[in-house]
Amino acid sequence: MSKPLPATVAGILFDLDGTLLDSAPDLYAALQTQCAEEGVASPAYAPVREVVSRGARAVLRCAFAARGEAAIEALVPRYLQLYEQVMARETRAFDGVDDLLARLEGSGLRWGIVTNKAAFLTDELLHRIGWSARAAAVVCGDTLPVKKPDPAPVLLACERAELAPGQCLFVGDDRRDVQAGAAAGLFTVAASWGYLDGGDPHTWGADVVLDHPGALAALLQLEPATA
């Protein structure tokens, strides 16, 4: 670790896609449907998975880059419509996440979400997977005029969850998560189990890089969840 954990940890904030949830299969399925509608070949899954943390436009560029940015922008509404139809069909928590969240709750620690995903999609996804009432705060990509890597969404989540930034961790699988968390004054954790946007999390300046949600539970010395 580049610096010690806060003396008192009161809560954890997480990125959503690629950190808590493996949502790439459903995002890819929506792209496949749109490719079929547009009469173009679907790209391979791997390069799409890598960029899903950057949002709909990055996903669409995997198939439609040759058409240019204006065309991609025009495809976004239909893509989001298709994604909403299949959202949570194949999306699952990453291995170890359910246990981590149960341990956090069992230890009395609050947790929340700071995502660049739009609120109408985030809220519905959390509803479908049963997390709506569990998160102490949810800040989405359109909650404020700015989004990560700006620290404002992280600070708002701290405020809503009643967490002091200096007593909170921010966990994410993208450089922007580390930048936002650090600028907001949180201890930052790079989640190397996520999508990573093709980058090396060890170069992002995070306070620690962890390769499994269970490693975070161990770092925080969380007791096993009770049945």
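Around the Cα centre of the chain, unit charges on the Cβ atoms of Lys, Arg, Asp and Glu (plus for the first two, minus for the last two) sum to a dipole of about 240 debye.
Evaluated with a Cβ-only charge set (Lys, Arg +1; Asp, Glu -1), region 140-227 carries a dipole of roughly 140 debye about its Cα centre, given to the nearest 20.
Taking a ≥ b ≥ c as the square roots of the eigenvalues of the Cα gyration tensor, region 153-227 is oblate, since a/c reaches 1.5 or more and a/b is not larger than b/c.
Estimated from helices alone, the mean residue ellipticity of the chain at 222 nm is -12500 deg cm²/dmol (sum of -39500 (n - 2.57) over DSSP H runs with n ≥ 4, per residue). Bridgeable lysines around LYS3 (alpha carbons under 24 Å apart, same-chain partners fewer than 8 residues away excluded): LYS148.
Taking a ≥ b ≥ c as the square roots of the eigenvalues of the Cα gyration tensor, region 68-163 is classed as oblate, since a/c reaches at least 1.5 and a/b does not exceed b/c.
Applying Stokes-Einstein at 10 °C and 1.306 mPa s to the Kirkwood radius of region 1-99, computed over alpha-carbon pairs, gives a translational diffusion coefficient of 106 µm² s⁻¹. Using a ≥ b ≥ c from the Cα gyration tensor of region 120-182 (square roots of the eigenvalues), is it rounded, prolate or oblate, where a/c under 1.5 gives rounded and otherwise the larger of a/b and b/c decides, a/b for prolate? Since a/c reaches 1.5 and a/b is larger than b/c, the shape of region 120-182 is classed as prolate. I want the local charge near GLY205. Using Cβ-Cβ distances under 14 Å, sum +1 for each Lys or Arg and -1 for each Asp or Glu among the other residues. Cβ neighbours under 14 Å give a net charge of -1.
Only the coordinates and a few stated rules stand behind these numbers; no lab work does. This one's a predicted model, so the numbers in the text were calculated from it and none came from an experiment. Methodologically, a virtual Cβ is constructed for each residue, glycine included, from the backbone with ideal geometry; neighbour enumeration extends over all protein chains shown.
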